[in-house]
1. For the chain, what is the calculated [θ] at 222 nm in deg cm²/dmol (nearest 500), taking -39500 (n - 2.57) for each run of four or more DSSP H residues and dividing by its residue count?
2. Once you place label points 7 Å from the Cα toward the Cβ at residue 93 and residue 133, how far apart are they in nm?
3. Quick one: what are the phi-derived ³J(HN,Hα) couplings along region 119-136, Karplus 6.51/-1.76/1.60 with θ = phi - 60°, whole Hz, x for glycine and proline?
4. Note down the nm distance, to one decimal, between modelled labels 7 Å out along Cα→Cβ at residue 398 and at residue 414.
5. Tally Lys and Arg at +1 and Asp and Glu at -1 over the other residues with C-beta under 15 Å from the C-beta of residue 91: what net charge comes out?
6. Using θ = phi - 60° and the Karplus relation 6.51 cos²θ - 1.76 cosθ + 1.60, list the HN-Hα couplings for region 85-90 in order, rounded to whole Hz, with x at every Gly or Pro.
7. For residue 8, what residues show an amide H to amide H distance below 5 Å, using hydrogens built from the backbone and excluding near sequence neighbours?
8. Determine ³J(HN,Hα), in whole Hz, for all residues of region 357-365 in sequence, where each value follows from phi through the Karplus function 6.51 cos²θ - 1.76 cosθ + 1.60 and θ = phi - 60°; x replaces Gly and Pro.
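Nothing in this text is a laboratory measurement; each read-out follows from the coordinates by a stated rule. Computed from a prediction, not measured in an experiment: that's the story for all the values here. Glycine also receives a Cβ, built like all others from the backbone with ideal geometry; neighbour counts cover every protein chain displayed.
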Amino acid sequence: MTSALEELLPDTRRALLHRIATAQAEGRAPSVVAAVVRGGRTVWTGSRTSVEGHGPDANVQYRIGSITKTFTAVLVLRLRDEGLLDLGDRLEEHLTGTGVGEVTIGQLLGHTAGLAAETPGPWWERTPGALRAELADVLGERPALHPAGRRYHYSNPGYTLLGSLVEALRGASWEEVLRREVLEPLGLRRTTAQPQGPHAGGWAVHPWADVMMPEPLEDLGLMAPAGQLWSTADDLARFAVFLAGGDERVLSAESAREMRTPSGPPEADALDAGYGLGLQVSRVGGRTLAGHSGSLPGFVAGLWMSEADDVAAVTLANCTSGLPAATVAADLVRIVADSEPRIPHPWQPLAEVDEALLQLTGVWYWGTAAFGLRVSADGGLELGPLTGGGRSARFQADGDGSWTGLNGYYAGETLRSVRGEGGAVSHLDLGSFVFTREPYETGAPVPGGVDPRGWLGSR
């Protein structure tokens with residue numbers, strides 16, 4: 001049973017319904033269905049339709065387009081976590097004969113491999129996959145448009161290569177591997193490569209008249225890992241829970257977090273929009289969202305989640321254009337997060353703390369800039385400026401008396417406490433930066449030395 005803290009307030013529920021109703025009316029969508037997740041469970045679903053007296057529920061399938069890429073990325077990261085590949089590996093180490101074997105697996109996942117956005121020939125979303133029976137048909141004579149690793153350039157063929165990589169290493173079809181390793185363990189029984197009733201039909205709505213035309217339904221063949229899947233609001237809500245926290249049967253929380261960490265520079269004209277490993281990452285209204293948009297002829301979809309607010313939302317619609325499903329999903333997250341801010345967990349004291357670690361806490365100086373070092377709730381360390389600007393960072397213990405930076409400028413850098421001859425801590429060394437207990441402390445190994453005259457007044 002849903003607890004009082006998990007239930008949404010009536011005003012919030014009405015605001016959510018109003019948002020999708022407005023989207024369906026203004027976007028002239030035959031139907032739209034949406035779901036909101038909070039606290040690891042679905043707390044609201046809603047729908048609107050042009051059919052009087054009938055509305056799709058959260059069990060009706062819609063095509064989800066490029067949200068399929070997120071599922072494919074999960075399969076690739078499973079291979080990485082099992083030690084079968086590394087994200088820095090060149091593609092040709094595992095899949096030969098592609099013609100683009102020098103690009104890395106990580107570059108393909110993050111759309112920085114420089115590959116073309118689309119396939120050569122007729123539009124792949126509206127033509128049979130049989131027209132692209134081989135990878136050469138998908139990639140064409142000029143598969144790369146940009147130097148690998150230099151810029152973000154979204155590539156659908158890149159995810160076809162990742163799907164073929166999964167098949168090569170697993171010895172089974174992409175669809176079978178996905179079903180066995182992701183869909184079944186997570187209970188996503190209504191997520192399939194082919195539509196299974198009840199499912200929505202895909203429609204094109206005339207831009208200048210309220211009339212519709214059915215869109216063709218094609219099997220994408222080799223392009224399936226880039227956009228083939230059908231799913232429901234219920235299933236995608238459960239998938240969002242997995243993406244937020246991981247599931248040891250499929251992918252660890254650490255690897256799930258890696259998916260939503262930007263993997264390359266954003267485009268210069270879209271600095272608030274990046275891409276992780278199979279997930280889009282955007283800054284919207286001061287809030288960081290991770291998820292993915294999706295579209296195929298007749299369908300649009302959006303899935304976004306805010307880790308800080310513990311809220312996710314899904315929007316599905318059966319129209320080719322008009323209704324911005326990803327924007328609507330982001331709005332649903334905002335409505336819940338702003339109307340009902342997350343209640344923080346109660347503060348709890350640490351069960352125990354190493355006395356030597358406790359002695360490191362307090363004020364440290366990098367030159368004349370004051371920083372505070374504290375023990376975090378997870379037993380790591382947090383360093384941040386006490387006044388003005390400065391670099392903050394979180395650190396996790398390495399088990400040998402040193403710590404590794406987790407974020408920002410110091411991500412991956414090593415923090416060490418250096419002791420003098422008497423055993424007392426002399427200073428902290430952070431990637432060659434020396435932090436002392438006093439600004440330019442006498443006797444400390446400050447690079448460049450300390451003037452023996454000490455601090456001087458005006459002359």
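1. Numbers: 11 runs with 105 residues, N = 459.
Theoretical 222 nm ellipticity from helices: -6500 deg cm²/dmol.
2. Calculated label separation equals 3.4 nm.
3. Those phi angles translate into 8, x, x, x, 3, 5, 6, 10, 9, x, x, 4, 5, 10, 6, 10, 4, 4 Hz.
4. The answer from the label model is 0.4 nm.
5. Working: positive: 80, 90; negative: 86, 89, 92, 93, 102, 167.
Counting the neighbours of residue 91, the net charge comes to -4.
6. Per residue, the Karplus-derived 3J(HN,Hα) values read 7, 10, 5, x, 5, 6 Hz.
7. Long-range HN contacts for residue 8: none found.
8. 5, 4, 5, 7, 6, x, 8, 10, 10
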